[in-house]
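Scroll down for the structure; my scribbles are underneath it.
The values are calculated or read from the model by the stated rules, or taken from the named source; none is laboratory data. As the structure is a prediction and not an experimental result, all values here were calculated from the model. Heads up, the Cβs are rebuilt from the backbone with ideal geometry, glycines too, and the neighbour counts pull from every protein chain shown.
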Amino acid sequence: MKKDWPPRILTSSETLDRLENDNVSMGRFGDGEVSLMALVPIGFQKVSLKLKRDLIEVAKCNDSDFLSCIPIFINNKNSLKEASRKWWTSNLRLMGVFWRRYFSTGITYGDTEVTRPWMSFLDEEHASECFSRMRNIFSGKDIVLIEGEKSRLGVGNDFLSKAKSVRRILGPAKNAYSKIDEIYDAAICEDKNALYLLALGPTATVLSYRLYKSGRRALDIGHMDIEYEWFKIRATDKVPVKNKYVNEAGGYKVLEEDASLEKKYLDEIVRIIK
């Protein structure tokens with residue numbers, strides 16, 4: 001490691017403070033984004049030099065109103081379950097050169113894991129705090145939700161129940177970055193004063209920054225809905241979730257859906273981009 005590395009990373013609570021009090025936008029980096037920055041493909045996204053450049057731009061952003069996030073595990077793995085601690089130790093050994101190359105000690109980053117507070121952590125109260133505070137951020141807001149075609153964020157649970165309204169733009173479940181310009185064009189046709197929530201893999205990292213630059217508030221919340229589903233059933237493994245795409249648990253599991261939930265979900269869709 002460089003002598004002055006790693007950079008400062010806010011705790012999850014400090015990251016939530018910024019989201020609650022400062023109304024910042026947020027883009028998140030995990031192992032998948034860094035793999036793509038190293039030109040290594042991941043299961044649902046091909047590599048491209050343009051995607052790499054876009055991710056690097058977000059990683060280097062030091063604007064006061066945009067919070068780039070990286071995993072708190074880079075600084076401290078004590079809060080992790082043993083399996084997760086071993087996994088991240090291995091990842092940093094293999095990919096550490098790229099983490100050091102693209103993330104600057106001159107920037108204070110938020111914690112990527114603020115949206116993934118359940119599966120990897122020892123402390124259950126940590127997850128409860130993250131979910132409760134994030135749901136309060138949505139409270140009373142008009143939401144524009146940009147997600148993968150089969151993500152169905154908030155369907156079948158109360159994750160978005162405090163929102164005033166929800167309008168959905170659906171992008172491809174795989175290789176969404178190839179459609180990022182079309183997704184962005186659809187997004188900026190929506191209410192500029194809405195809160196934009198993104199769950200679209202590495203594309204969301206880039207798109208959150210683009211939407212922020214357009215004068216909107218955008219939060220890349222990634223797997224938070226899936227983590228919330230696992231939290232509610234106290235799952236200890238990454239299990240499939242009915243009628244939702246879970247890339248970490250075999251993809252898409254189709255079960256019979258409640259007709260009223262299905263109608264509400266379909267009514268919320270304003271654009272499908274394939």
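Just give me the residues in segment 21-60 being in a loop (DSSP other than H, G, I, E, B) and hydrophobic (A, V, I, L, M, F, W, C), in sequence order.
V24, F29, A38, L39, V40, F44, V47
Determine whether L49 is among the hydrophobic types (A, V, I, L, M, F, W, C) and surrounded by fewer than 14 Cβ atoms within 10 Å (Cβ to Cβ).
Criteria met by L49.
Can you tell me which residues in segment 211-241 are outside any loop (DSSP other than H, G, I, E, B) and not charged (D, E, K, R)?
L211, Y212, A218, L219, M224, I226, Y228, W230, F231
State whether one or more residues within segment 22-29 are within 29 Å of S178 (Cβ to Cβ), aromatic (F, W, Y) and buried (at least 16 other Cβ atoms within 10 Å of the Cβ).
yes
Closer than 25 Å to F131 by Cβ and either assigned to a loop (DSSP other than H, G, I, E, B) or in contact with a Gly (Cβ under 8 Å, 6 or more places away or on another chain) (or both): which single residue out of R85, R18 fits that description?
R18
Mind counting the residues in segment 81-97 that are buried (at least 17 other Cβ atoms within 10 Å of the Cβ) and either at pLDDT 95 or above or among the charged types (D, E, K, R) (or both)?
Matching residues across segment 81-97 total 0.
Could you please let me know if I42 is aliphatic (A, V, I, L, M), surrounded by fewer than 19 Cβ atoms within 10 Å (Cβ to Cβ) and under 17 Å from the mean Cα position of the chain (by Cα)?
yes
Can you tell me how many residues within segment 87-131 are touching a helix residue (DSSP H, G or I) at 6+ places or on another chain (Cβ under 7 Å) and hydroxyl-bearing (S, T, Y)?
Going through segment 87-131 one residue at a time, the tally reaches 3.
Restricting attention to segment 1-21, which residues are surrounded by 13 or more Cβ atoms within 10 Å (Cβ to Cβ) and either among the aromatic types (F, W, Y) or more than 27 Å from L195 (Cβ to Cβ) (or both)?
Hits for segment 1-21 are W5, P6, P7.
Give me the residue from segment 114-126 that is under 17 Å from V246 (Cα atoms) and touching a residue at least 60 places away in the same chain (Cβ under 8 Å) and, out of that set, surrounded by the fewest Cβ atoms within 10 Å (Cβ to Cβ).
Per the stated criteria, the residue is M119.
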